[in-house]
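Asks: Before I ask anything, here is the structure I am working with.
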Amino acid sequence: MDSDSMGQIIVIALLIMASAYFSASETAFFSMNKIRVKNMALNGNKRADLVLKLAENYDKLLSSLLIGNNIVNIASSSIATVLFVNWLGNSGVSVSTAVMTVLVLIFGEITPKSIAKNMPERFAMFSAPILKVINIVLSPLNFIFSLWQKLVYLIVKPPEDRGITEEELLTMVEEAQSDGEIDSHESELIRNAIEFNDIEVSDIHTNRVDVIAVELNTSNDEIEKIFRKYGYSRLPVYKETVDNIVGILNQKDFNNRKNNNDSIEKIMNNPVFVVPSMKISQLLSLLQKKKSHMAVIIDEYGGTVGIVTLEDILEELVGEIWDEHDEVIENIQKIGNNQYRVLCNADLDDLFEKLNIKNNIDIPTVGGWVIETFERIPEIGESFDYENLHITVSKRDDRHILEITVEVMETQEDKDKNKYD
């Protein structure tokens with residue numbers, strides 16, 4: 001083998017290495033986690049800062065990478081053709097095509113892209129200084145291609161960039177949990193925070209029939225008994241009817257001033273009134289502004305729908321909050337093989353999620369769903385089927401149902417699976 005052939009082989013090898021560099025850089029910048037790189041840049045990493053600047057104009061960067069990759073691939077194929085023709089004559093063209101296709105695929109595309117995919121941030125920071133120089137060198141060509149791109153966009157209008165949707169963000173959280181980057185508790189907290197703005201006051205309120213309130217003329221002794229019996233720190237105060245709530249009585253204020261023979265009217269605070277459709281994120285800001293822990297929900301006629309507390313709002317973020325005086329109550333409790341006891345104030349979404357059933361029903365509570373199904377308040381023992389669930393009313397009072405029993409029945413798919421197992 002003469003020195004010319006050896007020189008050509010070395011040049012081909014260098015060009016394939018350059019092809020590998022361009023291919024890996026393209027994959028690295030496409031696959032990298034921008035949030036991770038941004039955090040590194042904020043911590044003073046200059047390479048990460050350069051990567052972000054290059055990524056800001058990804059079209060220009062991609063153009064440089066593709067131009068560079070095509071130049072080195074065409075050059076290596078041309079030199080290889082000359083080399084093999086010198087060795088094999090006219091048949092060298094076919095051999096050169098076959099050999100270079102294999103070499104470029106393995107060493108110029110597949111291998112470097114696989115490596116870059118597994119460590120995109122590291123490779124992007126390694127290649128950034130070189131890409132900065134390449135961007136400058138190829139600026140004239142990039143300018144021409146940018147004009148062509150604008151012409152293409154006039155013909156084929158690209159869709160507007162909507163950014164990251166809430167569904168995509170939730171998917172990212174699920175992927176981060178499955179990859180082990182965050183645990184289940186962190187994942188749940190992030191999901192709750194993302195969905196926080198979608199929740200309305202009506203989804204978390206305490207209905208008026210369950211509200212413990214006191215009449216304006218109630219004696220101090222009676223109020224003290226109610227505070228002691230129910231363990232609440234605040235009680236709504238109404239005048240004549242619960243539809244006319246006139247204040248919120250704080251237990252601490254009551255205990256401090258009851259011996260002064262002050263009337264409830266002097267002790268209680270002004271209530272905060274809200275509508276059922278108000279978002280709880282807005283209510284949280286309102287309660288903070290008013291320095292209040294409770295809001296009264298009213299309908300379009302001014303009647304009382306129920307109440308909502310600051311604790312109710314916070315529970316949508318962090319889950320149930322129990323203090324040392326609370327009796328821990330499980331809304332959904334397993335009582336047997338495929339059987340559950342469910343309180344009717346339980347969230348319908350929670351029930352269906354626990355039983356792996358898709359919820360297409362726009363009703364917040366289990367009790368509301370059951371009453372909607374019967375179109376009346378059912379008697380104890382009455383039942384109905386939904387999907388693979390058999391629901392039976394197990395407890396009620398004069399005005400509403402209190403508890404149901406849910407039996408998960410075997411589906412045909414489960415029967416077929418058990419048959420072949």
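Residue-by-condition table, conditions (1) exposed (fewer than 14 other Cβ atoms within 10 Å of the Cβ); (2) within 18 Å of Glu109 (Cα to Cα); (3) more than 54 Å from the chain's Cα centre (by Cα):
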{"site": "Glu56", "(1), (2), (3)": "yes, no, no"}
{"site": "Asp59", "(1), (2), (3)": "yes, no, no"}
{"site": "Ser63", "(1), (2), (3)": "no, yes, no"}
{"site": "Val72", "(1), (2), (3)": "no, yes, no"}
{"site": "Ala75", "(1), (2), (3)": "no, yes, no"}
{"site": "Ile79", "(1), (2), (3)": "no, no, no"}
{"site": "Phe84", "(1), (2), (3)": "no, no, yes"}
{"site": "Gly92", "(1), (2), (3)": "no, no, yes"}
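Asks: Restricting attention to the stretch 258-280, report how many residues are buried (at least 16 other Cβ atoms within 10 Å of the Cβ) and part of a helix (DSSP H, G or I).
Replies: The qualifying residues number 3.
Asks: Can you tell me which condition Asn217 does not meet? The list is (1) more than 29 Å from Ser285 (Cβ to Cβ); (2) open to solvent by 80 Å² or more (accessible area, probe 1.4 Å); (3) under 13 Å from the mean Cα position of the chain (by Cα); (4) polar (S, T, N, Q), and all the others hold.
Replies: It fails just one condition, (3).
Asks: Which of the residues that make up the stretch 94-134 are over 38 Å from the mean Cα position of the chain (by Cα), without any contact (Cβ under 8 Å) to a residue 60 or more places away in the chain and open to solvent by 40 Å² or more (accessible area, probe 1.4 Å)?
Replies: Ser94, Val95, Thr97, Ala98, Val99, Thr101, Val102, Leu105, Ile106, Val133 - these are the residues of the stretch 94-134 that are over 38 Å from the mean Cα position of the chain (by Cα), without any contact (Cβ under 8 Å) to a residue 60 or more places away in the chain and open to solvent by 40 Å² or more (accessible area, probe 1.4 Å).
Asks: Follow-up question, since we're still on this one. If you go through the stretch 201-210 one residue at a time, how many are surrounded by 13 or more Cβ atoms within 10 Å (Cβ to Cβ) and either at pLDDT 90 or above or over 33 Å from the mean Cα position of the chain (by Cα) (or both)?
Replies: Within the stretch 201-210, the subset surrounded by 13 or more Cβ atoms within 10 Å (Cβ to Cβ) is 201-208.
If we keep only those that are either at pLDDT 90 or above or over 33 Å from the mean Cα position of the chain (by Cα) (or both) as well, we get 201.
Number of matching residues: 1.
Asks: Just a yes or no: is a residue in the stretch 287-304 in contact with a Lys or Arg (Cβ under 9 Å, 6 or more places away or on another chain), under 30 Å from Ile404 (Cβ atoms), surrounded by 16 or more Cβ atoms within 10 Å (Cβ to Cβ) and hydrophobic (A, V, I, L, M, F, W, C)?
Replies: yes
Asks: If you don't mind, there's one more thing I want to ask. Taking the stretch 19-39 only, how many residues are crowded, with 18+ Cβ neighbours inside 10 Å and either over 22 Å from Gln149 (Cβ atoms) or more than 25 Å from the chain's Cα centre (by Cα) (or both)?
Replies: Narrowing the stretch 19-39 to residues crowded, with 18+ Cβ neighbours inside 10 Å: 19-29, 32, 37.
Within this subset, residues satisfying the condition of being either over 22 Å from Gln149 (Cβ atoms) or more than 25 Å from the chain's Cα centre (by Cα) (or both) are 19-28, 32, 37.
Residues meeting the conditions: 12.
Asks: Which residue out of Leu154, Leu138 is of a type in the set (A, V, I, L, M, F, W, C), more than 33 Å from the chain's Cα centre (by Cα) and surrounded by 13 or more Cβ atoms within 10 Å (Cβ to Cβ)?
Replies: Working: Leu154 fails: surrounded by 13 or more Cβ atoms within 10 Å (Cβ to Cβ).
After ruling out the rest, the residue left standing is Leu138.
Asks: Name every residue in the stretch 230-267 that is aliphatic (A, V, I, L, M) and under 27 Å from Glu316 (Cβ atoms), in order of residue number. Reasoning before the result, please.
Replies: Filtering the stretch 230-267 for residues aliphatic (A, V, I, L, M) gives 235, 237, 242, 245-246, 248-249, 264, 267.
Hits for the stretch 230-267 are Leu235, Val237, Val242, Ile245, Ile248, Leu249.
Results for (1) assigned to a loop (DSSP other than H, G, I, E, B); (2) of a type in the set (Val, Ile, Thr), shown as yes or no for each residue.
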| position | (1), (2) |
| --- | --- |
| Asn345 | yes, no |
| Asp349 | no, no |
| Ile363 | yes, yes |
| Trp369 | no, no |
| Thr373 | no, yes |
| Arg376 | yes, no |
| Ile391 | no, yes |
| Leu402 | no, no |
| Thr405 | no, yes |
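Asks: Checking the condition touching a His at 6+ places or on another chain (Cβ under 9 Å), without any contact (Cβ under 8 Å) to a residue 24 or more places away in the chain and under 30 Å from Ile190 (Cα atoms), which residue from Glu320, Glu311 passes? Spell out the reasoning first.
Replies: Values: Glu320 fails: touching a His at 6+ places or on another chain (Cβ under 9 Å).
Answer to the selection: Glu311.
The values are calculated or read from the model by the stated rules, or taken from the named source; none is laboratory data. No experiment lies behind these values; they were computed from the predicted model shown. Quick reminder, even Gly has a Cβ in these numbers, built from the backbone with ideal geometry, and neighbours come from all protein chains shown. Surface areas here come from the heavy atoms of the whole protein model, side chains and all, with no ligands, DNA or RNA. Shrake-Rupley method; radii C 1.70, N 1.55, O 1.52, S 1.80 Å.
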